[in-house]
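To keep things clear, I will list the structure first and then write my remarks on it.
Laboratory data are not the source of any read-out in this text; all were calculated from the coordinates shown. No experiment lies behind these values; they were computed from the predicted model shown. Neighbour counts run over all protein chains shown; Cβ positions are idealised from the backbone, glycine included.
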Amino acid sequence: MKNILNYLRSVEPFNVISDENYKLLDDKCLIHSYEENTLIFSQKDKPTGYLYFINNGLVEIISETDEGVEITVDYRRNGDFFGWTPIFTDGGYSAGARTAEKTECLLIPKDLILELARTYPEITRFFSKAVFSKIRKLYQDVVKSQSTDPILQIEAYPFQKQVSEIMSSPAETCPENISVGEVAKILTIKGIGSVLVCDETQNLKGIITERDLVTKVLARDIGQCLRDLKAKDIMTPNPFSVTPDTYMYEAASFMLSHNIRHLPVLDNNSIAGIVTIRDLMRFRSQKTVLLIGKTKEAESIDELKAIKSEIATVAKVLLMENRSHIETMEIISYIHHNIIRRCFEIILNESIKSGCKLPDIKYSFIIMGSGGRREMLLGPDQDNGIIFEDYPDEMEAEVSNFFIPFTEKLVQALDEVGYPLCNGKVMANNPIWRGKLSDWKKRVSKWINVPEPQRVRFSTIFFDLYSLIGDNKLCNELKDHIFSEIKRNLLFLYQMMELDYKHKVPLGLLNRFITSSEEEHKGELSVKENGSIFIVDCIRMYCLEHGIPSQNTMERLDKLHAINIFNSTTVDHIKAAFEFFTYIRLKNELILIGENKKPSHYLDPYTLPKDEQEALKEAFKVADKLQDSTRRHFARIVGL
């Protein structure tokens, strides 16, 4: 006992305890030895009432879903603790503990720990911090350690700004029964472009803008006398709104995508103010702000090319902010989406102006892969296609005559803007990636029911489809078909997993990185193909199994947590790993761009700082355990 207590005394937070209190530990603690592969407790067990301190050995921390999916989320070694959650919280175990080798532990009673914690608050602080997973802590430590350039922080400020900082408050309001003439006077006297219409309890009912007065009153032949028209007659009812904590970039993106110029700000349904596109444009002089606005105004491919080249600057600024890198990735994706959308519009307008007639049919231009998931970084290539409604056969020539040359021009224009042609030809100019809805359904059914390797590879890209332009009902109907087909053939998910499982995380013996021996990437590894893609693929598979239509990885994890497929601890581990992969990829791409090289997900891991190397290894371990448990899960559900 004395040797173990001396060891404990050298370990934080017990290194502050007095000799007298160590006598209590000597009197009340137990020593227990466990053979290899012994389950000490599961996450569903009633708490044992002890804090465990490892004298020697190795303990696996395991998380289990309600469906019995087991994931190893951490390892505890000599000098580590486990089993503290029920001692310092009102809950039970957040995960189970199983020995990975023969292990000896010191068991410290809960009552004694809490008694010591009253004297030494360091104990409570230590274990409160320890609630975070190792990968989460490593990730946070890496981000905090990054130096911040004050100039870049100044550039970043508008991105950090919330709507509450730039909105007009109080907003000008009027009652529903005020006359249109009085509304016009308010706008003129106040020198404003909109007024919010409220009921007698000041609840927002609608909005009237200068444009409403022009289009709904002056530009129309109205039989009704103007003096009889009321605010409620011309207002836009139930207008879009945001909350005060909405970020500038979110408000800008929302307003531009919905083609609105005035946006009410509501705080718990009470009117807090109003923000206008002009408020946002005040910051446009800053180089990195509101590329979305510039994109919408672009009239040529050259302009779009110049705008895309600025994304790296935006990314650099956001990276220096030390904010969520998933949020940064979404901002980058929003900008990419708008550039691709505007490129489509420019080429479409040019085709029509050249005399080509756009067929009178519904269509949906879709993007797939990282674009569909809103997980694009700085060097995405093209993954796109087109879904047509089921038009009559006699229109085939008309449709082909327009869309074959149009899609050729489109993919070449996107390449010119900076989105390289897909090596696998997953692009709308390839007949495989465009077609009628019924043709798409047959194609997808064949992928799922006859899953040859190439078809499975196609599906991993295609199943993240997102309608960027056109009728999204076509896209949604195809998604419903995918879920329906998979529900009838869950074996497909196992076969998808088997293809994925052929590739493993790049960690070998002694926890060393395994790098590529191929000439092009010799000494490097892919953070994407050997890491983050496993998280993306596994989480997608669970969502396909359960019919969850969420589009991006973080949203999918939250949905899986909501239906108890993963618990909160497991979700936090996976999210932290995915965030770190995103961070390290984005940082590497910026370095390459700074060296006038193409952005890439390949890097030499041994050039990273030690803390980033350790965090990368932990992220790979999370991906590895998720991949392994996913394979076991889908093998079990198909009876293999």
Can you give the extra length, in nm with one decimal, that the chain gains between residue 476 and residue 516 once fully stretched, where that is 0.36 nm per residue apart less the Cα-Cα distance? 10.4 nm
Straight-line reach check, residue 2, cutoff 18 Å on alpha carbons, 8 or more apart in-chain or any other chain, hits among lysines -> 23, 28
Just to be sure I understand the model, the point goes 7 Å from the Cα along the line to the Cβ. What's the resulting residue 182 to residue 36 distance in nm? 8.6
Can you figure out the FRET efficiency of residue 398 with residue 487, using R₀ = 45 Å and their beta-carbon distance, to the nearest 0.05? 0.75
Provide, for q = 0.06, 0.08, 0.11 Å⁻¹, the log10 of I(q)/I(0) from a solvent-free Debye sum over equal Cα point scatterers in the chain. -0.44, -0.75, -1.22
Segment residue 118-residue 632, length gained on full extension (0.36 nm per residue, minus Cα span): 180.5 nm
What do the square roots of 5 times the Cα gyration tensor eigenvalues come to for segment 2-131, in whole Å, largest first, as semi-axes of the equivalent ellipsoid? 25, 17, 12
Please arrange 624, 267, 537 by counting, for each residue, the other beta carbons lying within 10 Å of its beta carbon, fewest first. 267, 624, 537
Across segment 491-504, in residue order, what do the Karplus-derived ³J(HN,Hα) couplings come to in whole Hz, using 6.51 cos²θ - 1.76 cosθ + 1.60 with θ = phi - 60° and x for Gly and Pro? 4, 4, 5, 5, 5, 5, 5, 4, 5, 5, 6, 5, 10, 10
Counting only residues 5 or more places away or on other chains, whose amide H sits under 5 Å from the amide H of residue 436 once H atoms are built in the peptide plane? 388
Simple spin-label estimate for residue 445/residue 564, 7 Å along Cα→Cβ, in nm, reads 3.6
Using alpha-carbon positions, the gyration tensor of segment 312-382 gives root eigenvalues a ≥ b ≥ c; with a/c under 1.5 called rounded, otherwise prolate if a/b exceeds b/c, else oblate, the class is prolate
Could you grab the relative contact order for the chain? Cα pairs under 8 Å, six or more apart, rounded to a whole percent. 12
Compute the relative contact order of segment 526-588 as a whole-number percentage, counting only Cα pairs closer than 8 Å that sit 6 or more residues apart in sequence. 39
Given a cut-off of 19 Å, what percent of all Cα-Cα pairs of segment 167-281 lie beyond it? 44
Degrees between helix 19-28 axis and first principal axis of the chain (Cα, 0 to 90, nearest 10): 80
Would you mind ranking 538, 174 so that the residue whose beta carbon has the fewest other beta carbons within 10 Å leads the list? 174, 538
How much length, in nm to one decimal, is gained on full extension between residue 501 and residue 555, taken as 0.36 nm per residue of separation minus their Cα-Cα distance? 17.1 nm
Which residues in segment 39-61 place their backbone N less than 13 Å from a point set 7 Å from the Cα of residue 78 along the Cα-to-Cβ direction? 54-58
If amide hydrogens are placed 1.01 Å from N in the peptide plane, which non-local residues have theirs closer than 5 Å to the one on residue 80? 54
